[in-house]
Each structure stands twice: as C-alpha cells, then as structure tokens.
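Step one of this worksheet: look at the structure below.
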Amino acid sequence: MLANTPSGRAKTLPLNFLALTAKINTDTGISLTLFFTVLFIYTSSLSPSVYTGDSSLFAAASFSLGTAHPPGYPLYIIIGKLFSFLPIGNVAFKVNLSSAVLAGLACLMVFKTSLLLTKSRAASWAGALICGLSPIFFLESLKAEVYTLNALLAITVFYLGLKALKGMDFMQNTLAALFLIGLGTGGHHTIGLMGLVLMWPVAARWREVTWKWLLLAPVVFAAGTSVNLLMYFRSLAMLEHGSVMLYSYASTWQDLINVILRRAYKSADTIYALKVMASPRGGEWLTGLKNSILNIAAPAILPVLPFSVIGLAFLIKEKKTLVYFIVAILAWFLVLPRIVLSSPEMTEKSLQAAIPYFVPAIPILFSLVSVGFASSIGLLKKGFLKKRRLKIIPGFIPVVLVLLPFVLLPFTIRDVSLNGNFIAHDFGRDILTAMPVKSLLLNYTDNPMFTVFYMRAVERLREDVLVIDTAGKKDTYGMESSPNWKYSVLYPDFYRSATSSVKEINRDFALKGKLFASSAEKMTEVVSGHYSFYPYLLTVALYPKKAYGSPNWPVGQRPRGEPTAHRGAEEAEMKALITLRYRENYPKLNYERIMETPYRPDIFCREMYSLYGFNTMFYGGLLKREGREKEGERFFVTAFSLSNPRLFLWSYVSFLLKDGRKEEAFALLSEVKAGGGGYARLAETVEALAFSAIDAAEAADAEK
Amino acid sequence: MYKGFLVKGFIVAALFFLIVGGRVFYLQRSHFMTAEGYYAEGNWKLAVREYDTAMHFYTPLSPYVERSAQRLWQIGEMFEQEERFDWANIAYSSIRSSFYASRSLYTPGKDWIKKCDEKIAGLNVRILIREGSVRPEDAASEKARHLYAMNVDRAPRPLWAALAVAGFFGWIGSVIFIIFKGFAHGKTSMRHALYGAASFALSFSVWVLALLRA
C-alpha cells in the first residue's frame, strides 16, 4: 500500500503549513476549507453575465428548461435550472456559478482520491487546489459550459473505480460508477472514455464479478441514461403549449436518438467518432498523442510536471493502481486525441475547440501530482535528507517544492479571470439595440445567435424585432427566437406567408431597410443570391439585388410591378438609408466598456473585438466624410485601442475598395504607416493585399 | 447523526450565500456608485449602462435595485421630453430586461415591468409613425399589438420547474440509495431496495409530469 511508503507519513513532517492543515482534525473540515477557498476564487473571477461561444445558449436553455445543441446536454441544463432558482444575481451569472460549484466539487473529489492514495491531507489539499486553478480547468469553471460537470463525473468515476480496485465494496462502487457514466451521457459524451478506464478495476477484480453484478450493471447504466428523456418530454411540452426554447428538437424517438448521437453534425457524429476511434492507422494515433501531450497535458500541469512523474514512479510499488492511472491517461491522451486532435496540422480554431474536451482528465492528472507531492516530501524527509544528515534542508526544501506552484497562482487568476468581462453581454445587447423598430434579423454563427437567444429568451430585450435562426437550416426558418404564438399578432403578414419562399418574406423588410444578417459570410444561398449587403452595426444590412421599379421605401407600402435589374441610383439610395441609420445608432454601442475589458485571446472574443474595431473605423470614416476630421480621427484611434488592428484593418480596407473608395483606403494606410512601429508593418502588408485585390478585380473585369 | 448533518448543511449553505451574496451585493453597489458618478456628470449613456449593470446583480431587499430603476426611469423621461425616443426606449428597456434577467422562483419588479411595457410600446409606435411606417390613426391598434408581444410569456412555470428539478434529484438519489443501501457489502437488502424502487418510481413520475407541465 502506498500509505506505507514514505509519502504516507508526510503528515508527520514538522512543517508549519502541514501542521496547520493537520490540526483540522476531520477530513470534512479540510474538504470544506478547500471547497470554499476554490469557490471564493471562482466567484471573484466569474463571468458577470453571458460569455462567448455556447455559454449564452446554455444559460438560455437552462432558464427555459430547454435543450442546447446536440446532444442537448440535459444533465447540465437541469443543474443550471436548479441554480437559476437562486434569488440573487442574473440568470447567466447563476448558471455560470453552477459551473464554478461543479468545479469546486471536482476539486473535492481530487482531494478524496489523493487522500485515498497518499493518506497525506496536506499533499492532497495542495494538489486539489492547484488543480482548481490550473488555467484550462479554471477558465471552464467561470462560464456556463458542460466541461466542469464532465470533470466532476470523470473524477468521481475514477475515485469509485479506485476504491473497487483496492477491494472496497466492489459491487457498490462499480455500479455507482456505471450509473454516473450513464448519467454523464446527458453531459458531454467524452465521459464514455471513463467506461474504458473502469474496465481495468473490473478486470483486476474479476473474481468479484457475480451474476447479480452482470444483471444490475446494464440496469443502472440505463437508469443513468434516462436523463436524456428530458429532451423528449420537453419537446412534447413545446408541441402542447409552445413554451420552451429548444435548440435540439426531439418529439419522436428517432429524433431523440438523432440528437443524442449528434447526427446533424456529420464529422462530429458520435457513431462516426467511434468509427474513427476504431481505425487502425498508427500514425494518427501517435499524432494525436503528441498533440494532446504537448498542447494540453503539459500546459495544464506545467508548474508541477515533475511531481506527476515522481507520482508515477512511486506508484510502481502499487502495480494495479499504476496500471489504472496509465489506462486513464491513455484513454484521455491517446484515444480521445485520435478523434479530435489527430490532424498533423492543427489549426488554432480546432485546437481551441478541442482543449475543453480534455478538462475531465485534469483532475485525474492532479491526483497523480498529489501522489508526487506526498512522495517527494516523504522521500526528502525519510530517505535522501536524513541519510545525508542535511539537517538544514528539511526545513524549507519540501515547503519550497510544494509552495512553488502557488506562487504562480495569482498570475493565473489575473490572466484567466472573467470578472468585469461583459463583452458577450454587450455584444448581444448592442446587436438588438441597433435594430430599427420592427425589423428582421437573420441570425448566423454562434456568437450573435446564442447571445441574442439569451437576450430574447431571458432578458426579453427588443421584443418588437423578429429574430430568425437560419444556421444549419439551409433556407427554412428556425423560429426558436420568434415563435408564432408570440409574434403572429405583431407580424401577421410574415406569419401568413410563412409557407412562401424565404426571399419573398424577406423582401418587405429589405425594401424598408429593415432586413439584417448577423454575418455576411455565412448567409444561406437563397439569401445571398437575392440580397446585396452593406455593413451595419455588428451585422450587415441586406437590400434586394433586383429592385422594384419604384421601391417607395422607407414608407413601407409593398411596391407594385415586377422586379427589375438594379439601378445604380436605387442602390445608392439604399446605402444612404443604411448609412444614415448607422450614423444615428453607432453611439448606442457599448464600445467604451469593450475598451476597458481585459483582452482575451480566444477566437470567439477575437471575433467580437474585430467587429467592434471594424465598426468604430467605419464610424470614424463617416465622420471624416462629413468633414469632422478630428472626431473621425478620434474614432480611428479608439478602434485601434479597442482591438488589435490585425483583426479588422484588412476587412475595413477591403470594404473601402469594394465600395469604390480606393483613395480613402490608401490614405488611411499611409496614415497608419506614418505612425511607425508594428502598425506600419501591418499597414504595408495590408497595402500589398489591397494591390493584389485591385489587380485581381481588374483582371476579372477584363475577362468579362 | 441527523442533527450533525443538519448543522453541517446549515454551515455550508450559510457560507455559500455569504460568498456568493456578498460578491453580488459588492458588484451591485460598485456599479451603482459608478452610475451615480456618470449621472452627476450628465453622461447619460454610461449612466444607463451602469444602472443597468447594477440591476443585473439583483440582491433581494437591496436599496440599489429600486434606486437604479428610478434613475433609469428619470433618464427615460428626460429623453422622451427631448423627443429622443430610441434613447428613451433604451432606458426603459434596461429596467424591464434587468428585472427579467433577475428571475428566479419569482419575477422581481413586476410593477416596473408593467410601467415599462406601456412606455416601450408607446415609444415604438411613435418611432414607426415618425418614419411613416404606421399611420397616426392606427396608433392604438399598433400599440396593442406591441403590448401583446411584450405581455405574452411562456417561460417555464416556476412551481412545475422546481418540481422537475426536485423529481430529477429524487430519482438520482433513489438509484444511489438502492446501490449503496440495497446492495451494501455484497448482500442484498430487499427492504432498502424496495424503498429505493418506490422512491425512484415516484420521483421519476413527478419529474416526467413536471417536464410536461412546466
């Protein structure tokens, strides 16, 4: 037993901080101290409202007791709903808090697992605390996301498996672990990997596998998976009274299976993932292993990396436990990467998307680190130092070793904290605030779609605007945000013509200058085939490519006659209307707070920063064209402080070129170049791109 | 044993509310103070933003919620008098959406929400008349349509939603009870297993019913 190794006696060390924790004579007291320490740090760093990516969707779905995107995540949704009952703060904050609490509980399980392995409270406490504050784990604990729930389930399954492996109540522990894995299918599907890990304790204690166990195991697993029925029953409820926001609709058993297996996602389909996992190609396994170790495992435990190696070395005395850890590490860092990280050329986007999948592995790694802590302290005390009579060393060496990672914690907290980060909150609000009364927003891509979902479903902002989710639905409408029962009175024409084509329904709005899309690039074919676009605030405004003879907008009467080819004057008139609205509404954007928000390097945040940067440049340009040079200049400077110009300068220059404002584009680039420094180099690059774009356009014209 | 469990539970809950409630109240107060600064300077846009944020950190019985709502209402009326209807709309919407964002088992500020609904619907119609989309004689019917969209709400009913959550944790607890009590130390205790099964059946039924009704 490891408890009999030197590490097992670490608590007897004459160290102040060890003695401090040893004085607390119950594990419960220490557990509570750990949990509340972690919770205090998380609460101080928590995102104050919605965050980027799926976070807003989870908050909205939790509040609605609905479903998120496939596989629906019903387990997280119902836990989020529980937290939304707290009578303090806003809904998004409360759902974010659920992630923090689940992360705190995962840290507790690290403590318990480590204690089972080492019997050292101090080492276990230190390992669990550092786990909670390791950057990847920490960030996921501060927003509404499923990964800390997955981490809690994974470490609990690991703990139960470890107990079974050590001969403690095999039947109870393995059945409970299987139940949790089943329940975990209502969270993130990577929990299935713990099924592989659990096979080792079952194999190692095969003599304890009885007929009763064989009978009960599938039953408890199935009982756990029944959490997924939430999606079916809520879909039925929606059919009955149309009340919930369901992103994954599953009112038939077939639909339910499709949602659970993520059939809509093709390459991310669960069955496809399993097929990939079964693929025998060795190269991709190795690439995945390398990618995951270098990009995830090593950075996650970097300050304490040596302790994990020491931990593994000390486990040699306990071969079964050692194998258990190795199986877990292989499951998370060999099998999972084969599915999500096996491409030899990892893009930043795919890496960022994949990193949170590995969050459940972090508590397991930190249990190993705790073994390393306990073993190192024990080794120094009993072996190395005592034998060499280096009496001066024991007083501080072990303390330094264990405390060293803690020195880095304030920096981690500073870098990862989402306290005061309102970027997603302001983004969703600003999109809606900038919409004219009774307009139509076609929503594409996660950031605008999910933040607007939340603002509408929970905060009920701008209920005069029709918001249509068109993502993944080709050219049909997704009415989650604008259900018939709510909007058919305000928009009778729209709902009457719901069976006619998308382009016809949109046209009325477009002719009034009230049709918008959240992204120009992601528009569906029918929309992009029939409508031109012009930048609007954080979105684009759409107008028909073919206009009626007399559009007669913005009065709003449907024009008569057949569509004709666009006449330049009409297009110019349309752009003038959009620009006028832009001019009026830009000051409503919360760009000041975006400037104050600490920069976060993830791709979703960058998308938002770049949109604010672009729009501020656009506004500055408008002011300059009005002859308000100084004010315009001020907004150019604001744009550069809002976000890195690398994110938006080229898109702004490219827009100017497409809008036939070459001189303006090159004047801007000369101005930036004159400023010198890194921006000058950027301007040179953008200038080269601009020349190539002009050449390409001229060549295309010549060909025509 | 149960007494000890209750004491521990109470300590945990008290600490939890102290940490979370303290943080929320601190954030609310600091945003309110910032808002007061902007209000004194006459920077209405930032004042609205900060009052709105203060209200988003809703704390029951806190004076800052009511005071923020009053300030936002004043700013809204001021914009209205200046005929800056869209800006007035932002101020009133801030009150309304902040109270909706703070929903839990109850919706705070229902009176405020009702007052804001009237204001926002009226302002929307005035904007539409001004841009020529609605004729002045249709104002009343148009306002009624806006009010309908703002009043109709089918968010989950709190009681049924709470029952759904309770039923869920009930059947989870029942399965764990069956595993740990019904099959303790490799022996089957039929009594515990039956209690667990009955509890499972009951809470699972409550869960399903509440999901359908919420």
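Candidates B:Ile129, B:Ile120: the one that is open to solvent by less than 20 Å² (accessible area, probe 1.4 Å) and either more than 10 Å from every other protein chain (Cβ to nearest Cβ) or within 24 Å of A:Tyr495 (Cβ to Cβ) (or both) is B:Ile120.
If you go through segment B:132-167 and keep only what is facing another protein chain (nearest Cβ under 10 Å), part of a loop (DSSP other than H, G, I, E, B) and open to solvent by 50 Å² or more (accessible area, probe 1.4 Å), you end up with B:Asp153, B:Arg154, B:Arg157.
Picking from residues in segment A:47-105 that are among the charged types (D, E, K, R) and surrounded by 24 or more Cβ atoms within 10 Å (Cβ to Cβ), the one that is farthest from the other protein chains (Cβ to nearest Cβ) is A:Lys94. Only residues that are open to solvent by 10 Å² or more (accessible area, probe 1.4 Å), among the small types (Gly, Ala, Ser) and either in contact with a helix residue (DSSP H, G or I) (Cβ under 9 Å, 6 or more places away or on another chain) or not in a helix (DSSP H, G or I) (or both) were counted in segment A:519-545, giving 4. In segment B:198-214, the residues that are more than 7 Å from chain A (Cβ to nearest Cβ) and open to solvent by 60 Å² or more (accessible area, probe 1.4 Å) form Cβ pairs under 6 Å with partners that are part of a helix (DSSP H, G or I) and modelled with pLDDT of 95 or more, at six or more places apart or across chains, as follows: B:Arg213/B:Trp160. Taking the criterion of being at the interface with chain A (Cβ under 7 Å from one of its Cβ atoms) and under 19 Å from A:Leu229 (Cβ atoms), the residues of segment B:173-197 that qualify are B:Val175, B:Ile176. Kindly indicate the residue of segment B:82-117 that is more than 10 Å from chain A (Cβ to nearest Cβ) and under 23 Å from A:Leu65 (Cα atoms) and also surrounded by the fewest Cβ atoms within 10 Å (Cβ to Cβ) among those meeting that condition. For segment B:82-117, the residue satisfying everything is B:Lys110.
Among the residues of segment B:53-72, which ones are in a helix (DSSP H, G or I), open to solvent by 40 Å² or more (accessible area, probe 1.4 Å) and in contact (Cβ under 8 Å) with a residue 24 or more places away in the chain? Lay out the reasoning, then the answer.
Here is the first cut: in segment B:53-72, the ones in a helix (DSSP H, G or I) are B:53-56, B:63-72.
Right, trim to open to solvent by 40 Å² or more (accessible area, probe 1.4 Å) and you get B:63, B:66-67, B:70-71.
Hits for segment B:53-72 are B:Arg67, B:Arg71.
Residue check: A:Leu669 meets all listed conditions (1) buried (at least 16 other Cβ atoms within 10 Å of the Cβ); (2) modelled with pLDDT under 90 but one, namely (2). For segment A:242-285: of the residues being among the acidic types (Asp, Glu) and either closer than 14 Å to A:Ile339 by Cβ or assigned to a loop (DSSP other than H, G, I, E, B) (or both), which is most open to solvent (accessible area, probe 1.4 Å)? Among those that are among the acidic types (Asp, Glu) and either closer than 14 Å to A:Ile339 by Cβ or assigned to a loop (DSSP other than H, G, I, E, B) (or both), it is A:Glu284. The one condition from (1) closer than 29 Å to A:Arg581 by Cα; (2) surrounded by 23 or more Cβ atoms within 10 Å (Cβ to Cβ); (3) more than 9 Å from every other protein chain (Cβ to nearest Cβ) that B:Phe79 does not meet is (2). For segment B:40-48, does any single residue satisfy the condition of being open to solvent by 40 Å² or more (accessible area, probe 1.4 Å), in a helix (DSSP H, G or I) and touching a residue at least 40 places away in the same chain (Cβ under 8 Å)? Yes: one or more hits.
Could you list, in sequence order, the residues of segment A:503-518 that are open to solvent by 20 Å² or more (accessible area, probe 1.4 Å) and part of a loop (DSSP other than H, G, I, E, B)? Correct list: A:Lys512 only.
Checking the condition over 23 Å from B:Phe200 (Cβ atoms), small (Gly, Ala, Ser) and open to solvent by 20 Å² or more (accessible area, probe 1.4 Å), which residue from A:Ala203, A:Ala222 passes? Let's see the steps before the verdict.
Working: A:Ala222 fails: over 23 Å from B:Phe200 (Cβ atoms).
Only one candidate passes the filter, namely A:Ala203.
Screening A:Tyr609 with (1) open to solvent by 20 Å² or more (accessible area, probe 1.4 Å); (2) farther than 26 Å from B:Ala88 by Cβ; (3) hydroxyl-bearing (Ser, Thr, Tyr) gives one miss only, at (1).
The values are calculated or read from the model by the stated rules, or taken from the named source; none is laboratory data. This one's a predicted model, so the numbers in the text were calculated from it and none came from an experiment. A quick note on method: Cβ atoms are made from the backbone with ideal geometry, for glycine too, and the neighbour counts reach across all protein chains shown. What goes into the accessible areas is simple: the full protein's heavy atoms, side chains included, and nothing from ligands, DNA or RNA. Shrake-Rupley method; radii C 1.70, N 1.55, O 1.52, S 1.80 Å.
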